Amino acid sequence: MGSAEEANKPTSPYDSSSPSQPLLFKPPSTEEPNQPDQPESDPTQYLQISYNYGPRPFKDLPFLILFVLVVLCTFGFGIFCVFHKNPNYSNLSSYKYDLNSTSCVKGSNFNGFYESRFDFYVLSSSGSGFLKSLIWTLVVTLILSVPICFLLLLLLKHYTKQIVYVSLPFFIVIPIFFNVYWFVACTVSSSCTDAFPLVYRILVFVFVFLIIGIIVWIFVANWHRIELTVMIIGVASDALSKNLGLFVVIPLLTLGLVAYYVPIVVFLVFGRLNGKIVPKESNGEYRCAWKQDSWVPAYYTLAILTMLWSLTVLVEAQVYVISGTIAQWYFTGEDSKPRRSIRSSLRNAFGPSSGTVCLSGLLICVVRFVRAVVDSARQEDIPGMVNFVLRCCVNALLSAVDFLNKFTINFAAITGEAYCTSARMTYELLKRNLLSAVFVETVSTRLLAGIAFILSSIYAIVVCAILKGASNIGFYSYVVAVLAWVLLIIVLGSFVHVLDNVIETVYICYAVDRDRGEVYKPEVHEVYALLTSSRNHRSPTAPTAPLV
């Protein structure tokens, strides 16, 4: 990008960040023709990998073109839906079948207007206290979620160990509290007792305690990895705190997706208005019914698939931006600070690497769709050995795609390579550095999700107590508290998702460091070097593998 810190960076003939050299290349061989071949362990045979600061060529361009064509078709046919709509759809109740003309003719009927007006009046006049409490609670929750996320990040950065160990008992206490609370409340309530007999209540009560026992067993079985998890979360929190601009960019990208969805939803609504009123025979009697045009279901399918693909593309674009930003922070010296790292990551994600992002989003969308179809077939419990073998093959294929896609976008954000090249190079990079191609420390994700669940549950309990004391909406206070819990856990879940991507990006950057024999961030090496030994030892303090 031409910044000052890049000019000061030491260069080597194998540095891919140099504009005069390709990104990934094999160094020229200097051996004489009569010398024997180098052994396969010679590190010079591998491609040198580093962050690509220079201009990047466009990759996977056909998938970008395909995505643009799909979006243009969706919007083009959507505009056609708006201008081709039949205005008689709203007056369907005023049409009557005419025996003389054997068609539907329009009459005069105002009952529908008065009916809808009455329904609106009833809807707006009932439950006003509940709606007011709900709106105010959700607005306050959304406002408070911002400082809650920043406070959580600050605590995870400076007091990671304390936060984790304080949260662990709540993983058990909160489920026990809710299990006992609902059982006692249902026993006291006569209506709940009549609808839910004692035998079934006891079975559910015992079943929940069995689930809690499994959670306790998981903690005990993975206790030796808790200390390592604490250090990994601390390193990731420190990296994220140095790039707080991501907390502005990621929500803005999400809002952009919502704004992008609005016209598509409008097109889907107008799609229902494309058709005509035709007579329909039922039990020897004719009535007027609405018949959609034959192309409307196809457009619905196209629009829904476009929305799903756009969603996965946005998710992958967010991962790309996070990875590119964190990678620039990682490969910058301690005495300097990366400039415009988020801007350059956005430019690469929606510019040269947009085709790679579209391809990754398409693969994820296809995997999710096929998995949903397989799960639906499993629920139908279709007998037969062929069906069972087919499900196993599909699940194996989907798992292979998930395995392939694990770190591909992270690597593409660092190097700017195409999707297939990034997938192959990531696997080779981790394999030759004795690292796992599937991130071994999944405990960190579960702990972060558990912390988000605990904070959301405590907040929901406080909201319910306040509503019980300050309002008279009765049972609806539980509904408002549950909705506030859902909103806060969605926000905190997004925060956990960002932190997970930071953990994975730092993991790839650490692998690049090991591969090049460099140490950009010594504190990261001290923590991530323990991952290799933690697979063979029960304690993270076991002897570590050499860095290079």
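Some notes on this structure:
- Straight-line cross-link partners of LYS276 among the lysines, defined as a Cα under 16 Å from its Cα and at least 8 positions apart when in the same chain: LYS85, LYS96, LYS106, LYS291.
- Among 228-237, 306-315, the order from most to least packed when residues are scored by Cβ within 10 Å on average: 228-237, 306-315
- Carbon and sulfur %, accessible surface of the stretch 276-338 computed with the full protein complex present, 1.4 Å: 56 percent
- For the stretch 160-173, Karplus couplings with θ = phi - 60° (6.51, -1.76, 1.60), whole Hz, Gly/Pro x: 4, 4, 5, 5, 5, 6, 6, 6, 4, x, 5, 4, 9, 5
- Packing-based order for 173-186, 359-372, 153-166, using average beta carbon neighbours within 10 Å, highest first: 359-372, 153-166, 173-186
- Packing rank of 192-200, 496-504, where each peptide gets the mean count of other beta carbons within 10 Å, highest leading: 496-504, 192-200
- With protein chains left intact and a 1.4 Å probe, residues in the stretch 471-528 average 36 Å² of accessible area per residue.
- Listed residues ILE342, ILE135 arranged by accessible area, highest first, probe 1.4 Å: ILE135, ILE342
- Length gained on full extension, VAL68 to SER190: 38.0 nm, using 0.36 nm per residue less the C-alpha separation.
- Applied to the stretch 214-219, the Karplus parametrisation 6.51 cos²θ - 1.76 cosθ + 1.60 on θ = phi - 60° returns per-residue 3J(HN,Hα) values of 5, 4, 4, 4, 4, 4 Hz, with x for Gly and Pro.
- Residues whose amide H falls under 5 Å from that of ALA289, counting only those 5 or more places apart or on a different chain, are VAL278, LYS280, with hydrogens built in the peptide plane.
- Per residue, the stretch 193-341 exposes 51 Å² of accessible surface when a 1.4 Å probe is rolled over the protein heavy atoms with every protein chain present.
- One decimal place: the segment ASN395-ILE490 gains 31.4 nm when fully extended, by the rule 0.36 nm per residue minus the C-alpha distance.
- Karplus-derived 3J(HN,Hα), 6.51/-1.76/1.60, for each residue of the stretch 73-80, Hz, glycine and proline x: 5, 4, 6, x, 5, x, 5, 4
The values are calculated or read from the model by the stated rules, or taken from the named source; none is laboratory data. Treat the numbers as computed from the prediction; the structure is a model and nothing was measured. For neighbour counting, all protein chains shown are included, and Cβ atoms are generated from backbone atoms with ideal geometry for every residue, glycine included. Each accessible area value is taken on the protein alone, full model and side chains, heavy atoms only, with ligands, DNA and RNA left out. Shrake-Rupley method; radii C 1.70, N 1.55, O 1.52, S 1.80 Å.
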